[in-house]
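To keep things clear, I will list the structure first and then write my remarks on it.
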Amino acid sequence: MKKLIINYNLEILTAVLAIVFGASLFFWNSLTLAGKALLGFMVLYTLHEWEESRFPGGFYDLFFGGFGVEITASEARMHLPVAIYILIMLLVPFALQQTTFLVLIPLGLGLFEGVIHVAGIKIHKLKKPYTPGMITGLIMFAYAVFVITQINKAGGLPSWQWIVGFVLAFVGFAVMEQFFLRTVGLTFGDFRKMAMARVLGNKKIIG
């Protein structure tokens, strides 16, 4: 069972979010602004994971190859912490959609995805202006900006809620990243050093 979950975690993620999305459409009028926004994020994060992993895929090869790391874990195992994080990040705020600021967690990550995928072109010195996941990452960025405008039109949020929301997004991502890096035997400190070396031009792409 464990092996099945690991090997098909992307498909499980897709199925769970599709069921929640489909069932929620029957209760659309009773959803809050945050709830409706989260349904959009469910679609976009699902598409984003498929673009990174399958169509066209290759994100993990680019990510680790660019830092000269030999990949020992399967792609499915590397994606498991990501799938778990996405489910928590989307389903918990959806269950607590009356607490509007929780939508800032996937929103904050959506903004980050749009920026980092474009920055990845320069970081990894790619000849083609594309990184796996960039198209959906840019769409998520635009959608996140749209949701921000809708929140403000509805009356906005107190400054402290914006801060807490984005801090939770950062902390959650950092925790997920720790587990993600462990799949190839790295610590966050190791990765930070390699990333700095890469940005400063002391590393070159392998593979």
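The values are calculated or read from the model by the stated rules, or taken from the named source; none is laboratory data. Remember, it's a predicted structure, so these values are computed and weren't measured experimentally. Neighbour counts are summed over all protein chains in view; Cβ atoms, including those assigned to glycine, are modelled from backbone coordinates with ideal geometry. Please note that ligands, DNA and RNA were not included when accessible areas were found on the heavy atoms of the full protein model with its side chains. Shrake-Rupley method; radii C 1.70, N 1.55, O 1.52, S 1.80 Å.
What the table below lists for this structure:
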read-out: Count - residues of the stretch 22-75 that are in contact with a Lys or Arg (Cβ under 8 Å, 6 or more places away or on another chain) and among the polar types (S, T, N, Q); value: 0
read-out: Residue within the stretch 114-123 that is surrounded by fewer than 19 Cβ atoms within 10 Å (Cβ to Cβ) and touching a Lys or Arg at 6+ places or on another chain (Cβ under 9 Å) present; value: yes
read-out: Every residue from the stretch 95-110 that is open to solvent by 40 Å² or more (accessible area, probe 1.4 Å) and either under 12 Å from F166 (Cβ atoms) or outside any helix (DSSP H, G or I) (or both); value: L96, Q98, T99
read-out: Selection from the stretch 173-207 of residues that are part of a helix (DSSP H, G or I), open to solvent by less than 50 Å² (accessible area, probe 1.4 Å), of a type outside the set (A, V, I, L, M, F, W, C) and at pLDDT 70 or above; value: E177, G189
read-out: Long-range neighbours under 6 Å by Cβ, at least six apart or interchain, first residue part of a loop (DSSP other than H, G, I, E, B) within the stretch 69-89, second of a type outside the set (V, I, T); value: I71/F64
read-out: Enumeration of residues in the stretch 30-74 that are surrounded by fewer than 17 Cβ atoms within 10 Å (Cβ to Cβ) and acidic (D, E); value: D61, E70
read-out: Filter result (free of Cβ contacts under 8 Å to residues at least 40 places away in the same chain and under 14 Å from the mean Cα position of the chain (by Cα)) within the stretch 90-116; value: L111, G114, V115, I116
read-out: Single match in T149, T131 (criterion: open to solvent by less than 70 Å² (accessible area, probe 1.4 Å) and part of a loop (DSSP other than H, G, I, E, B)); value: T131
